Each structure stands twice: as structure tokens, then as C-alpha cells.
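The block underneath contains the structure these notes are about, expressed in C-alpha cells.
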Amino acid sequence: MAADIIALPTDAITVADQHLMYQIETDVASPSDAFRFVITVYEDSVLAANLLGKFYLTPNPQDYTFFNLAEAVRGLCQVDDRTYGGTTAIHSLSANYFTRSNGNIKKFVVGAGEWDGSTEALNDVTETIYLIDGHFQISQGLDPSFTAYYPKVSTAKTWLTDRIPASNIVTINAAEERIRLIHPPGYDFYGILRSKLLWGRDNRIRKNKAR
């Protein structure tokens, strides 16, 4: 008997904050009720010391199962805001490149095996993926101010992350456009809050009225 990964994320390097689905099947013609797929997840390489988790999944009526790697590695990739092993900030509009990572880029190995009720066979097949912290965003849906982060060539990929700018300063400016708000006569903003949120009223009074 042997398990096989028949579908997996198409990109070898991608972002961690998304569905990372693997489809696993077995060559067992009619799996028993005790049968389980055994999915292993390792960081960096297939060593016992690197094992992050082992998952036992039941097959569906078509004798395969699905595994979402994102749930197993959630929070393991961290945003790099300093040079590798150093203290210099790396993220700014003018200089946001680095060649080595403190923890943002990580290698994971997914293995698929089987349990027949008495014998466990691990890692009949393995697949490697590299993940970075972040998520996909459709560029057309972003504010134009994000165009500085768009890919410059069709084969390039970029990701937006929560990385803090090197200056740690957020600049807020007044908008060029002005708006005018129209309120009805007698409008009282705090009066509305007071009536809606029951400010200044005794909870005991409200409870008695509720009865």
C-alpha cells in the first residue's frame, strides 16, 4: 500500500496566509474502516527533530482526502524588519531588498503515508514548499498609493505584509477635498448616544422594565 499526493499548491514559493491544499489518494482498492492517511509536516527537512505535526485523516467515499497546510504552519512565518542577524531596518520605499531571512522565509516538507489499523507507513511521498509571511491581494482592488509595490514585469510577484517602515513614522495629511455635513434642527450627537446607549441610567431600572 502507498499514499500519493496528486494535487498541491502550484507555486514552490508562496505566501502562508492562504489555503494551501493538498489532495492525497491511496492505491488500496477498498480501505478498511480503520484506514487513515498519515500526513506529516516538517520544517526544513525530514528529520524527527523537525517534525511539526502528524495528522490522521479519514478518506472520503472516493478514497482520497484533503489537507490544508496553512492550518499547520499558521504563525510560524514572521515578518523580517531587520537585516539577517543584524539590527539595520530593511524596509523602506528606497531600500527593501534582502538576501537572507531571519524567519520570514521558511521551508516546509509535507509527507503522505498510511495507517491500515495495525501498521503505520510514513512519507510514501513528500513535497517541499517555501512560505513567506503575507497574503495575496489583487492589485486592481488596491488604492493607487500602493502602486509603488506592484510588480514591474509580468513574471514577478509581490506581497504586501505588515512590515513596519524603517522610520516608524506614519504621516497623516488633510485631504484636499472638503465635505459639508447637514444635520436637522436640534441635532445633538451626544444626545443620540445617550439615548441609544442608555448613558446615565440605572441598570436596575432597565431590568425592572424588561420584566
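Just a few scattered comments:
- Test for Asp4: is it surrounded by 12 or more Cβ atoms within 10 Å (Cβ to Cβ), in contact (Cβ under 8 Å) with a residue 40 or more places away in the chain, charged (D, E, K, R) and part of a loop (DSSP other than H, G, I, E, B): no
- Residue within segment 65-75 that is outside any loop (DSSP other than H, G, I, E, B), within 26 Å of Ile132 (Cα to Cα), out of contact with any His (no Cβ under 8 Å at 6 or more places or on another chain) and basic (Lys, Arg) present: no
- Residues in segment 161-206 that are surrounded by fewer than 10 Cβ atoms within 10 Å (Cβ to Cβ), in a helix (DSSP H, G or I) and basic (Lys, Arg) were compared, and the one that is modelled with the lowest pLDDT is Arg204.
- Restricting attention to segment 37-56, the residues being within 22 Å of the chain's Cα centre (by Cα), touching a residue at least 12 places away in the same chain (Cβ under 8 Å) and part of a strand (DSSP E or B) number 9.
- Residues in segment 7-27 that are without any contact (Cβ under 8 Å) to a residue 24 or more places away in the chain and surrounded by 18 or more Cβ atoms within 10 Å (Cβ to Cβ): there are none.
- Checking Asp44 against (1) surrounded by 15 or more Cβ atoms within 10 Å (Cβ to Cβ); (2) closer than 19 Å to Ala70 by Cβ; (3) of a type in the set (D, E, K, R), the condition it does not meet: (1)
- Listed conditions (1) closer than 25 Å to His135 by Cα; (2) over 25 Å from the mean Cα position of the chain (by Cα) are all met by Ala3, apart from (1).
- Filter pass, Ser32 being assigned to a loop (DSSP other than H, G, I, E, B) and at pLDDT 90 or above: yes
The values are calculated or read from the model by the stated rules, or taken from the named source; none is laboratory data. Model, not experiment: these values are computed from the prediction. In this analysis, Cβ positions are derived from the backbone assuming ideal geometry, glycine residues included, and neighbour counts consider all displayed protein chains.
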